[in-house]
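Some notes on the structure that comes next.
The values are calculated or read from the model by the stated rules, or taken from the named source; none is laboratory data. The model shown is predicted, which means the values in this text are computed figures rather than measured ones. FYI the Cβ positions are ideal-geometry reconstructions off the backbone, even for glycines, and counts take in every protein chain you see. Ligands, DNA and RNA are stripped out before the accessible areas are found, and what is left, the full protein with its side chains, is counted by its heavy atoms. Shrake-Rupley method; radii C 1.70, N 1.55, O 1.52, S 1.80 Å.
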Amino acid sequence: MGRSRFLEVEVTEGAIRVRRGGRVLTITPAAPPPDAGEAPDFIIHLDDIETWDAPDNDVAIEVAELQLILRAVEEECERHGLSVEFE
């Protein structure tokens, strides 16, 4: 079992929510450019993922934890037949 299994990921119409313990991270994906041919369903800007949501917004997301989050998001998107790209 991968470490990403310790995270809960929920894909909604406007956001991706990640839960770990009592903390929540809301990721708002960018829309693909209108002229993009084979654009992914979600584009996530890594620079936007720095801290957890309030009240834990003073807790930085470390690189190792970010890697777990990204893998969990990828796995959840795959389960739904969606594609995701990280920039």
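Please state which one of P40, P33 is without any contact (Cβ under 8 Å) to a residue 60 or more places away in the chain, open to solvent by less than 50 Å² (accessible area, probe 1.4 Å), closer than 16 Å to E85 by Cβ and not acidic (D, E). Can you show your working first?
Details: P33 fails: open to solvent by less than 50 Å² (accessible area, probe 1.4 Å).
Matching residue, one of P40, P33: P40.
Please go through segment 43-60 and pick out each residue that is loosely packed, with under 14 Cβ neighbours inside 10 Å, of a type in the set (A, V, I, L, M, F, W, C) and either touching a Pro at 6+ places or on another chain (Cβ under 9 Å) or farther than 20 Å from P32 by Cα (or both).
The answer is A54, V59, A60.
Pairs needed: first member in segment 61-87, at pLDDT 95 or above and part of a loop (DSSP other than H, G, I, E, B); second member anywhere, among the charged types (D, E, K, R) and open to solvent by 60 Å² or more (accessible area, probe 1.4 Å); C-beta distance under 7 Å; at least 6 residues apart or different chains.
As it stands, the answer is I61/E50, since those pairs meet every condition given.
Quick one: is V63 hydrophobic (A, V, I, L, M, F, W, C) and open to solvent by less than 40 Å² (accessible area, probe 1.4 Å)? So that I can check it myself, show each step before the final result.
Working: hydrophobic (A, V, I, L, M, F, W, C): yes; open to solvent by less than 40 Å² (accessible area, probe 1.4 Å): no.
So V63 does not fit the description; no.
Do we find a residue being polar (S, T, N, Q), in a strand (DSSP E or B) and at pLDDT 85 or above anywhere in segment 1-21? Please lay out each step first, then the result.
In the first step, residues of segment 1-21 are kept if they are polar (S, T, N, Q); the result is 4, 12.
Among the residues that remain, those that are also in a strand (DSSP E or B) are: none.
There is no residue in segment 1-21 that is polar (S, T, N, Q), in a strand (DSSP E or B) and at pLDDT 85 or above.
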